[in-house]
Structure formats: C-alpha cells, structure tokens
Amino acid sequence: MKISKIEAIPFAIPYKKPLRFASGEVRVAAHILVRVHSEDGFVGEAEAPPRPFTYGETQDSIKSMVEKVFAPELVGLSCLNREQIHAVMNRTVGNPTAKSAVDMAVWDVIGKSLQLPVTTLLGGYADRMRVSHMLGFASPQSMVVEAERMRDVYGITTFKVKVGRKPFMLDVEVCRALRAALGSEVELYIDGNRGWTPSESLRALNAMNDLDLTLAEELCPADDVLGRKWLTARSPLPVVADESATTPGEVTRELLSGASNVISIKTARTGFTSSRRVLHLCEGLGTEVVMGNQIDGQIGTMCSAVFGSAYKATTSRAGELSNFLDMSDDLLADPLEISDGTLAVRNVAGLGIEVDPAKLAKYRQDS
Ligand code: MUC
Ligand code: MG
C-alpha cells in the first residue's frame, strides 16, 4: 500500500442557486480532486473545497501544497502508516482542506485494498445519517419555499438557518416565518458565521426565544474572546463552535474557556484522522457534536456521511449533508440520493465514490 503518486486536479461546477451567508457566498464549486495512487494499483479519491473566507486556502494554494509540498514527502510511505502521513503534513501549518483531502484519499486506498467500506473501518455504527439542510440568505418567503421543498421532496425535517445579517431583525423574521410554516415538528437551528457582535447576538437570541431553536453556531468572531464567554454564559441555546474550532487544540480552547459548548466536526477540514481526535476529545469531555458542511460537493458529502455514520455520537444529530443539491452537476458516476430525510453510506470497498471520467473531463480546469 505504498503511495506512488498524488494528483491534485482542479475542477469547477456552477451552482444552480448560490449559497449566501454572513462571511461569504459560493456560486461555483471550484474544488480540487485529490487522487492518491498506491504501488499495488489502488487509487483513493477525495475533494478539497477552498474556503478563503474561513481558512485562507484557494484552489491554487491547495493544488500547490498537495503536489509540491506534501506529495514529494509522502511518496514511498505506506497508506497504513497514517500517523506518519499525518505527522509529515503537520510539519506545515494551516492548509486544513488540502491535508484532509489527502488523509481521506489515503483511507479510500486502505478500504479498497482491504476490500472493506471505510465507514466500517472507522467504526461501523450505522448505515445512514439523518440529513440537515442549510438555508442560505434570501427573503423570508423564499427561505420558507426552499425548506418546504426540501421537506416535501427529500423528507428533510432539520434545517440550519443562516443568520448574521445586520440589522438582525430580518433573520428573526426568517426564523419566525419558518417556524410558522413548518410547525413544531421540524428542528431549526441558526448559524451566524461571525456576523454579529456578542451583544447583538444576545439581543437576537432573546428576540427568538419563543421559536424553540435548538443550537446557535458561531454568532461572533473567535477573536471576541471575552465577548464569546459572556455570550455563551447568557445564551438560552447551546453555542456551537465551527470556524473557531478547526483543530483538536482549538476545540479544547473553545470548550475549556467557556466560549462554546457544542463542536461542529467537518471532515473537509479535519479529514478522518483528525476528526477522530476531535470526536474522542468531545466524547471525553461530555460535549455534543454535529456533523457540519463545508459547502461540499457529493464527494465531500459522502466523506462526511462515511465518518458520521461510523459513530454513535455523530449520528445522534442530523448531519449537514444536502447542499450538493444546489449544484448543477457533480463528478460521481452514481449520484448521491437523499430519501426519507436520510443519506445512506455504501456497502462497497473504500469510501463508496466513483468519479465518472466523462464528467471529470468536462469540468476539470487543467486540460
Ligand atoms: C457553515 O457551517 O458555516 C459556510 C462557511 C463555512 O466555513 O462553512 C459554511 C457552512
Ligand atoms: Mg458554520
């Protein structure tokens, strides 16, 4: 299982409907397909989504980091020596999605070579996850229409509502309209992507106190150190750390400082090897987790489902696994399907993703 070659292929697939949120917007899935080849002929695949507004990475930086920095040091190592691979990549700081795509493609090689699903190798807890859908910024009316469509067509009954606009009353109006239209059966939680100050956040939370929201994610910036502690101590809802908790060390700081009390795990930024560390840290500390979304395509979504389905703690909440539905197309030969509000993992060797060569040829940007 020695690594013989690593490729980083840029591709771009437009969204039918852009996703807008307080820290940015995504109109095109301009991602990197990472391919790890082994000497014995297996090819592992995963995708890295550049999110400059969150991690500072770009498509060019990811390609360059994978091909010029990581590949020369990783070729020759066995995919089974994941801790060595991890240590080699961590000599470079940052670059979380580049590292994670390499990590998950390595796990794909291991699964294919051992003829086992990666989700089984990781933990094998469940065969599917419940799905939560993220609702991006739009008018209250169109956000309600989107949520109703997701419920009626896909059976989704959990929604993460993007908030963080100024003034905050529009977001309050959206949450109120969603609750009125969808009734008490659906779960609603909010994500501010750092758009509000701590005091605005508390005023907004108080204004929505009657709406039975379940979680409030990343309402204000991680650098508002004292403000976040102040907010979390007063918040009527558990506070989720997302952008502020991208490594096990950051997770520890967030939790022990009292800045947050739930952690979003995103395989796009911690792969499988570090996501496991984050999950076990949270379990040890008695902290709830939610499987988050990095505005992943179908490959990244399957990676989240593979990890999320593997453990009890990650299946206890719906995972954010549906925003690929807004893309105009994708790379998979056998597209993902959400039904009855769930996404199933696949009982095949590896991650359960197979890239369609014709689709890759159509969308790749380097040929
Ligand atoms: C999310 O949960 O915040 C948007 C920005 C980002 O970093 O991730 C997405 C979704
Ligand atoms: Mg978030």
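The values are calculated or read from the model by the stated rules, or taken from the named source; none is laboratory data. On a predicted model such as this, the values are computed, not experimentally measured, just so you know. Every residue, glycine among them, receives a Cβ derived from its backbone with ideal geometry; neighbour counts consider all protein chains shown. Accessible surface is based on the protein model in full, side chains and every heavy atom, while ligands, DNA and RNA are left aside. Shrake-Rupley method; radii C 1.70, N 1.55, O 1.52, S 1.80 Å.
Residue check: is V93 open to solvent by 60 Å² or more (accessible area, probe 1.4 Å), modelled with pLDDT of 95 or more and part of a loop (DSSP other than H, G, I, E, B)? Yes; evaluated as a whole, the condition is true for this residue. Being closer than 17 Å to N261 by Cβ and either more than 13 Å from ligand 1 (Cβ to nearest atom) or part of a helix (DSSP H, G or I) (or both) is the filter here; which residues of region 272-313 pass it? Once the filter is applied, which keeps residues that are closer than 17 Å to N261 by Cβ and either more than 13 Å from ligand 1 (Cβ to nearest atom) or part of a helix (DSSP H, G or I) (or both), region 272-313 yields V278, L279, L281, C282, E283, G284, L285, G286, T287, E288, V289, A313. The residues of region 212-225 that are closer than 23 Å to R317 by Cβ and either buried (at least 18 other Cβ atoms within 10 Å of the Cβ) or among the charged types (D, E, K, R) (or both), listed by number, are D212, L213, L215, A216, E217, E218, L219, C220, A222.
Based on this model, can you work out whether V28 counts as under 19 Å from G300 (Cα atoms), within 16 Å of ligand 1 (Cβ to nearest atom), among the β-branched types (V, I, T) and open to solvent by 10 Å² or more (accessible area, probe 1.4 Å)? When the stated conditions are applied, V28 passes them. Checked against the criterion of being β-branched (V, I, T), more than 16 Å from ligand 2 (Cβ to nearest atom) and modelled with pLDDT of 95 or more, the candidates I295, I299 yield just one match: I299.
List every residue pair whose Cβ atoms sit under 9 Å apart, with the two residues 6 or more apart in sequence or on different chains, where the first one lies in region 227-239 and is outside any helix (DSSP H, G or I) and the second, anywhere, is among the acidic types (D, E). Sorted first by the residue in region 227-239, then by its partner, the pairs are P238/E288; V239/E217; V239/E218. Tell me whether region 162-183 contains one or more residues that are touching a residue at least 60 places away in the same chain (Cβ under 8 Å) and more than 26 Å from T267 (Cβ to Cβ). Looking for residues that are touching a residue at least 60 places away in the same chain (Cβ under 8 Å) and more than 26 Å from T267 (Cβ to Cβ), one finds at least one in region 162-183, hence yes.
S142 fulfils the conditions (1) in a helix (DSSP H, G or I); (2) outside the structural domain of G319 (by TED's automatic domain parsing); (3) over 25 Å from R317 (Cα atoms) except for a single criterion, (2). Considering every residue within region 245-261, establish whether at least one is assigned to a strand (DSSP E or B), hydroxyl-bearing (S, T, Y) and crowded, with 16+ Cβ neighbours inside 10 Å. No, that holds for no residue.
For region 176-195, taking the residues that are among the charged types (D, E, K, R) and within 16 Å of ligand 1 (Cβ to nearest atom), the one that is surrounded by the most Cβ atoms within 10 Å (Cβ to Cβ) is identified as D191. Selection within region 1-59: residues that are among the hydrophobic types (A, V, I, L, M, F, W, C) and within 16 Å of ligand 2 (Cβ to nearest atom). The member of this set that is farthest from the chain's Cα centre (by Cα) is A22. Here the condition is being open to solvent by less than 70 Å² (accessible area, probe 1.4 Å) and under 25 Å from the mean Cα position of the chain (by Cα); of V153, V239, it holds for V239 alone.
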